[in-house]
Amino acid sequence: MFPTTGNYSFLITLALATVSLLLLLVASFQIWLSYKGPLAQKIEQRLQALSAASDDSLQSQLLRERLLSQVPKLEQLLLSIPRAHRLDGFILQSGLKWSVSKLLLSSLVLGLLAISVLGSWLSLSTLGAVAAGVGVGLLPWLYVSYRRQKRLARFETQLPEALELMVRALRSGHSFASAVQMVGQEMSQPAAAEFSTVHDEVNFGVATEQALTNLTKRIPLTDLRYFVVAVLIQRDSGGNLTEILGNLSHLIRERLKLRAKVKVMSSEGRLSAWILTLLPFGLAALMNAFNPEFMSPLWTDPIGILILKYMLTMMVIGILVMQKIIRIRI
């Protein structure tokens, strides 16, 4: 028995539908790769890093243009804020893939949720609910600041190794631009991304001096400024750049060792500060758990509330003084 014409048409339709579905899936995958693939993310990271610099040259402006928000109206509003681009640079220094609008909206939403929840569930006063909402709204900013400090500290520890790699490249006959490119290829993050950005800027026509200056603006570290100043002086007046970078790498390593030693020696003071800070709250929690009637006047009686206010104020002052004592700058 041979298949009828109707069966042939059904099989042809099924085959065409299958091929169409496969082509649709392939096209969707290609579109996803164009916008969210590894190469697209790498290009976006490079452009975000370039946007943190404040070079006003035409080449850098073409590289640094990026939206502060995906919403056009919100983009216009953010552009009217004088320090919006500085806030954008602050976010980029943390290495997060956030935008200015995401940071501001997340802070606003968390603050409003905290005000509504704490005001209704805990029956706080208006002033107390607003203060709690402001505290909760600052959490995204604190997270960005924490990630920024962690990334800058990581870059600072990588800088001596990056300088030594550049010294070896220069001694083997490579140019300074090639040495910067090798650092971007061989080092791990975040040093690789930042030095790769410098190399990309130079390739796009930005002057080497301006590209290095942009690097110090993206990574505000004193040791990095020493490196940039040394390179700029050597390019103007001449000298042995290999010896200069080698001595600078040794100096940075010794400074990091000294800072680690000071941190170890001050660990007892920092531990004492933590104990003195947490001890009153721990004792209050234990006393309230075993004898709540004894502790209840402290936050129910007006005199007890006044004592708590003065006590917390003095504790904040003491914490600031202890931080000032144990913080040693090298």
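For segment 273-296, the tally of residues that are in a helix (DSSP H, G or I), free of Cβ contacts under 8 Å to residues at least 40 places away in the same chain and among the small types (Gly, Ala, Ser) stands at 4. Pairs linking a residue in segment 145-174 that is charged (D, E, K, R) to a residue that is in a helix (DSSP H, G or I) and surrounded by 15 or more Cβ atoms within 10 Å (Cβ to Cβ), with Cβ atoms under 6 Å and 6 or more positions apart or on different chains, are 148/93; 164/249; 171/242. Condition test on residue 202, is it surrounded by fewer than 20 Cβ atoms within 10 Å (Cβ to Cβ), modelled with pLDDT under 90 and of a type in the set (Val, Ile, Thr)? So residue 202 fits the description; yes.
Determine whether segment 121-142 contains at least one residue that is surrounded by 17 or more Cβ atoms within 10 Å (Cβ to Cβ), within 30 Å of residue 253 (Cβ to Cβ), modelled with pLDDT of 85 or more and over 11 Å from the mean Cα position of the chain (by Cα). No, because not a single residue in segment 121-142 is surrounded by 17 or more Cβ atoms within 10 Å (Cβ to Cβ), within 30 Å of residue 253 (Cβ to Cβ), modelled with pLDDT of 85 or more and over 11 Å from the mean Cα position of the chain (by Cα). Filtered by the rule that a residue be without any contact (Cβ under 8 Å) to a residue 12 or more places away in the chain and in a helix (DSSP H, G or I), segment 299-312 gives 299, 300, 302, 303, 304, 305, 306, 307, 308, 309, 310, 312.
One residue alone among 254, 243, 268 is over 30 Å from residue 176 (Cα atoms) and of a type in the set (Asp, Glu), and that residue is 268.
The values are calculated or read from the model by the stated rules, or taken from the named source; none is laboratory data. Being a predicted model, the structure only gives us computed values, none of them experimental. Backbone-built Cβ (ideal geometry, glycine too); neighbour counts: all protein chains shown.
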